[in-house]
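Okay, structure first, notes after.
Since every read-out is calculated from the coordinates, none of them should be taken as a lab result. Computed from a predicted model, the values in this text were never measured in an experiment. Methodologically, a virtual Cβ is constructed for each residue, glycine included, from the backbone with ideal geometry; neighbour enumeration extends over all protein chains shown.
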Amino acid sequence: MIVVMKRGATEEMVRRMARRVEELGLKAHVIVGTDRTVIAAIGKKPEGAQEMLASCEEVEKVVPIMAPYKVASLETKPEPTVVRARELAIGGGHVGVIAGPCSVESEEQIMLTARSVKEAGARGLRGGAFKPRTSPYSFQGMKEDGLKLLAAAGNATGLAVVTEVMTPHHVELVARYADVLQIGARNMQNYHLLQAVGEVDKPVLLKRGPSATMDEFLLAAEYVLDQGNKNVILCERGIRTFETHTRFTLPLATVPYLRERTHLPIVVDPSHGTGIASLVPPMCLAAIACGCDGLIVEVHPDPTHAASDGDQSVTPAVFSKIMSECRKVAEALGRPIE
Ligand code: PEP
Ligand code: MN
């Protein structure tokens, strides 16, 4: 349930009420809005708890949260969440673009890509150092050496580094170098990993599992939020369907659907969503047109020789064109790309 505090409730009143919620055996998430503060009280509520809390003087009302995801729900927090990392801002009218190679391969490759995507207007640099590959014989990533190269490229350009963490054992290591922790599609329901990144003070980019429903996706985000990390970005990256001509099927209706249910920002990954470089530019435009808060795009200086996902990677020149076209669409809709 949501305990809505009266307008003007002091911090001390909020703290006291949060304590009272916890004394009832519930978890208290304090959410400070521009208008008023609410406390999401999560857990199995004891008999009479709602009435008891509602009768407190500093409480305006107590209402049940209908959605299965509680902290992620718009019911709990009607104001959009803005996730920031270095110069990247995503959500609440801020449209931010993250770009870079599928995998970090060398200093030259990551520096060149970082400089060119920055020049084109990206605010985040993606690149995998730990790669989840279908085959154990495929390139697995440069690991910590790759993280070091990413951090150097981030420092040289000011771009926020977005990179995947695959296991709870690596969270501390990856968080030392990254600005945003990416949870890959294959790990969307790795609950221990979600809880581990939930304990870290770095934003999380959570990719939708290729067979996950919207509720499963939002409940995965809830695992992170429940640990206290409020900075979660949701990423639609395509789902598995009967269609085999594209690598995955990219359902853009996800964007407005999630918008009606959550305050978390929503980004789209047209690279994995299609698997085909020529389809990436139009799907970037479509994603911006349907109201996403950002894009994550695979860019490689030499896609044909990429260590992973070359078929879906665009060149820096194509990326630059994508950015200028996306800007026109975004501006026409009154949500300019920063
Ligand atoms: C990636 O971003 O390179 C990646 C592996 O993505 P996903 O987890 O969506 O497959
Ligand atoms: Mn990839």
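Working out 0.36 nm times the residue gap between T246 and E338, then minus their Cα-Cα distance, what length gain in nm do you get to one decimal? Write down the numbers at each step before the final one.
Details: separation 92, 0.36 × 92 = 33.12 nm, distance 3.04 nm.
Fully extending the segment from T246 to E338 adds 30.1 nm.
In deg cm²/dmol and to the nearest 500, what is the mean residue ellipticity at 222 nm of the chain if only DSSP H runs of at least 4 residues count, each as -39500 (n - 2.57), divided by the residue total? Provide the component values of the computation, followed by the final result.
Numbers: 11 runs with 114 residues, N = 338.
So the helix-based figure for the chain works out to -10000 deg cm²/dmol.
State, to one decimal in nm, how far the label point of R7 lies from the label point of S324, with both points 7 Å from Cα in the Cβ direction.
Label at R7, label at S324, 4.9 nm between them.
Within straight cross-link reach of K118, meaning Cα distance under 29 Å, which lysines are found once same-chain residues fewer than 8 apart are removed?
K131, K143, K148, K202, K207, K230, K321, K328
From the alpha carbon gyration tensor of the stretch 5-78, can you work out the equivalent ellipsoid semi-axes (sqrt of 5 times each eigenvalue) and give them in Å, largest to smallest?
Numbers: eigenvalues 57, 51, 23 Å².
The equivalent ellipsoid of the stretch 5-78 has semi-axes of 17, 16, 11 Å.
Starting from the exponent 0.38 and prefactor 2.2 Å, build the expected Rg for the stretch 1-157 from its residue count and divide its actual Cα Rg by it.
On the way: Rg = 22.7 Å, N = 157, 2.2 N^0.38 = 15.0 Å.
With N residues counted in the stretch 1-157, Rg over 2.2 N^0.38 Å equals 1.51.
Measuring from label point to label point, each 7 Å out along Cα→Cβ, what is the E331 to R16 span in nm?
It works out to 5.4 nm between the two label points.
Among 114-123, 46-55, what's the highest-first ranking by average C-beta atoms within 10 angstrom per residue?
Put in order of decreasing packing, that is 114-123, 46-55.
What is the projected area of the convex hull of the Cα atoms of the stretch 83-192, averaged over all directions, in nm²?
Values: hull surface 28.7 nm².
For the Cα atoms of the stretch 83-192, the hull's average projected area reads 7.2 nm².
Pick out, in residue order, every one of the trypsin sites (Lys or Arg not before Pro) in the stretch 1-39 that is DSSP loop and has at most 12 other C-beta atoms within 10 Å; say none if there are none.
R7
If I take R0 = 41 Å and measure r between the Cβ atoms of S106 and V63 in this structure, what FRET efficiency does the formula 1/(1 + (r/R0)^6) give, to the nearest 0.05? Display every interim value, and only then the final one.
Working: r = 55 Å, r/R0 = 1.33.
With R0 = 41 Å, the Cβ-Cβ based efficiency is 0.15.
Modelling each spin label as a point 7 Å along the Cα-to-Cβ direction, I'd like the A253/A152 distance in nm, to one decimal.
About 4.8 nm, to one decimal.
Which value does Rg/Rh take for the stretch 1-47 over its C-alpha atoms, Rh per Kirkwood? Before the final figure, lay out the partial values.
On the way: Rg = 10.3 Å, Rh = 10.7 Å.
Ratio of gyration radius to Kirkwood radius for the stretch 1-47: 0.96.
How large is log10 I(q)/I(0) at q = 0.16 Å⁻¹ when the Debye formula is applied to the Cα atoms of the stretch 139-268, each weighted equally and without solvent?
With no solvent term, the Cα-only Debye profile gives -0.81.
Calculate log10 I(q)/I(0) of the stretch 214-297 for q = 0.20 Å⁻¹, where I(q) comes from the Debye formula with a single equal point scatterer on each Cα and nothing for solvent.
-0.89
Given a 10 angstrom Cα cut-off, can you work out which residue in C102, C284, C56 is the most mobile in a GNM of the chain?
C56
Which one of L252, L150, L24 has the biggest mean-square fluctuation once the chain is modelled by GNM with Cα springs under 10 Å?
Looking only at L252, L150, L24, the largest GNM fluctuation is found for L24.
Can you list the equivalent-ellipsoid semi-axes of the chain, largest first and in whole Å, using the square root of 5 times each Cα gyration tensor eigenvalue? Each step should come with its number before you reach the end.
Values: eigenvalues 278, 82, 68 Å².
So the three semi-axes of the chain are 37, 20, 18 Å.
Over the alpha-carbon set of the stretch 190-338, divide Rg by the Kirkwood Rh and report the Rg/Rh ratio to two decimals.
In the stretch 190-338, Rg relative to Rh is 0.98.
Looking at the stretch 53-153, which chymotrypsin sites (Phe, Trp or Tyr not before Pro) are in a loop (DSSP not H, G, I, E or B) and have at most 11 other Cβ atoms within 10 Å? Walk me through the numbers on the way to the answer.
Details: sites: Y69, F130, Y137, F139; in loops: Y69, F130, Y137, F139.
In loop regions of the stretch 53-153 (DSSP not H, G, I, E or B), the sparsely surrounded chymotrypsin sites (Phe, Trp or Tyr not before Pro) are Y137.
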